[in-house]
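Trainee: What follows is a single structure, and I will ask about it in a moment.
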Amino acid sequence: MRKLLMIEVKRFPKNLVTLLTFGLILAMYITQCLPKKWYWYSGPMDEMHFMYTVMLEDYSRGHTEELKTENQILSRKIRFNEESKNLLLNTIKNMNTDYTKKADTRNIAFHLTNEEFDKIMNELDEAVGGKSYYATTIRTIYYNQYISNAFHIDTSLNTLDTISAMKQYLRYTLNEKSFTKYSELLTKKIQLTDNQLLYLKNIYDQMISKDKLEQNVEELYGIYDNWFNEIDDMLGGNTAFGNKNRQYVLNLSNSLEEEENNFNSIKNEEKITNAYARYYSDYMVLLAGILPAVFGAFTLIEDRKYKLHELIYAKPMKSYKYVLSKFLAIILLFAIFFYLIAIISTILFYLFSQSYGLNIDNLAFFKYTTFWIMPTVLFTTAISMLTSIIINNGIISIVIQLVIFFMSAQPLIGGYKWYRPIIRYNEIGNMDFYRKNFDYIMANRIGISIISIVCVLITIKIYDNIRKQGVLADLFVNLIQYKRKGGN
């Protein structure tokens, strides 16, 4: 069987589909899984460091932004004149006497009291005409939005909290001037048009007006719910404003203390790489749920296409060796792909950890590749081989796998039933949730692996029967031809 396996493996590098497959895996990794601009190495910034970073950005781009004081919605850019730009630069240098453009702002030690800091911010706000995010009232909202850098799932909110969270999300959407569309696979950010912005601002203003009136909480929630559903319809559906996806955004801004606790959990309990390896696995498992099917759906039936089945049927070769060599060759191919990405990830995080003096788990990406991604590779390959040999059509086999894929790709986190081939964890951190669901996750991965083995055994049995029938059919045809030629 080893020779058969090596023959199969040697065929892959010559195949254009193999190169395209690895290209897709690499593209997904680069666009979705590489460490983004995040505070994983030093934790969230306090308000003073955060605003200092904002000042640096404003100075480099030459403008700040005016906001509506009441609801913190971006209105227009305010260009610095020479006087306000010099004031901004002098303020930056006064706050940090060792100012350089490339300095890491997180390591700066500011020697300012809160009162002195407030005074500096208000002076800057006055210099640019007021209503900027340097103003005390707006600055607080702006900073809270930073430390709540993601809208985590939280279904435990009471009605009053839910109303506040809905308003917060609408404000966030207006500030970003974009909204999120949810599909069965991924999420997609879409820019708001001018008409859509105007529509949302109008609803937000109505929310502010409603808040000033004394009203029953449940009635107020009903009004908010109707507004959000109207927004979802206006944006074409499948947004976080609709009831279906609203659970992903309903939360209140975390406090700095909560964010620091989350960061310390990622840093100390998970040694950073375990948290990122789960996030990496969330995207890679999507590819593992479909790409192996492209190979598995054709690996057995392609012999008929090239008319090699007669030769194979006639050889004294065990059916299980032939099927297993095909199956293991595909598994080996994807193991090489995913473990190569795991090596790249480990090297990147190792270099980062050395730069910042942190401890990481060097085996994290390999562990999650083994028990999170590879069982899905096993399942996808086994199912596609089984369905293709039953139907004798690779295209239909891939379509069947696509149906399984779409049924299993949601939700983005949770839903760890034992029979789901694709499980998701689209979040960095949240160790408590992972710890609570660990047993379900392991049961799922073991269950899927067992199903895969059963599918391979069934495929071997079916192939063996087809092969025996093929040999008898070929003998019958040869006998007829022999008789026609006058044989005895």
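Trainee: Which FRET efficiency, nearest 0.05, do VAL17 and GLN191 yield, Cβ-Cβ r, R0 51 Å? It would help to have the intermediate numbers written out before the result.
Mentor: Numbers: r = 35 Å, r/R0 = 0.68.
It comes out at approximately 0.90.
Trainee: How far apart, in nanometres, would the label points at TYR350 and ASN465 be if each is projected 7 angstrom from Cα along the Cα-to-Cβ direction?
Mentor: Here the answer is 5.1 nm between the modelled labels.
Trainee: What is the packing order of peptides 412-420, 331-339, taking the mean over residues of other C-beta atoms within 10 Å and listing the highest first?
Mentor: Numbers: 412-420: 15.2, 331-339: 19.4.
In decreasing order of mean packing, 412-420, 331-339 become 331-339, 412-420.
Trainee: Using packing as a proxy for protection, rank 450-462, 188-200 so that the peptide with the highest average count of other Cβ atoms within 10 Å comes first.
Mentor: Result, highest mean first: 450-462, 188-200.
Trainee: Assuming R0 = 41 Å, what is the FRET efficiency of ASP233 and PHE371, from their Cβ-Cβ distance, to the nearest 0.05?
Mentor: The formula returns an efficiency of 0.45 here.
Trainee: Oh, and also: For the range 305-457, compute Rg over Rh where Rg is the Cα radius of gyration and Rh is the Kirkwood radius from the inverse mean 1/r over Cα pairs.
Mentor: Details: Rg = 19.0 Å, Rh = 17.9 Å.
We get a ratio of 1.06 for the range 305-457.
Trainee: Taking the Cβ-Cβ separation of LYS318 and PHE438 as r and a Förster radius of 41 Å, what is the calculated FRET efficiency to the nearest 0.05? Walk me through the numbers on the way to the answer.
Mentor: Details: r = 40 Å, r/R0 = 0.98.
The computed FRET efficiency comes out at 0.55.
Trainee: Using 0.36 nm per residue, how much length does the chain from LYS119 to LYS210 gain when fully extended, once their Cα-Cα distance is taken away?
Mentor: Values: separation 91, 0.36 × 91 = 32.76 nm, distance 3.35 nm.
Once the chain is fully extended between LYS119 and LYS210, it gains 29.4 nm.
Trainee: Sticking with this one: What net charge do the residues around ASP194 carry, taking every other residue with its C-beta under 12 Å from that of ASP194, with Lys and Arg at +1 and Asp and Glu at -1? Intermediate values should be presented prior to the final figure.
Mentor: On the way: positive: LYS177, LYS201; negative: none.
Result for the neighbourhood of ASP194: +2.
Trainee: With each pseudo-label sitting 7 Å past Cα toward Cβ, what's the PHE406-ASN94 distance in nm, one decimal?
Mentor: Going from the PHE406 label point to the ASN94 one covers 6.2 nm.
Throughout, read-outs are computed from the coordinates displayed, never taken from laboratory work. Since the structure is predicted, the reported quantities are computational estimates derived from the model, not experimental observations. Ideal geometry is used to build each Cβ from the backbone, glycine not excepted, and the neighbour counts take in all protein chains shown.
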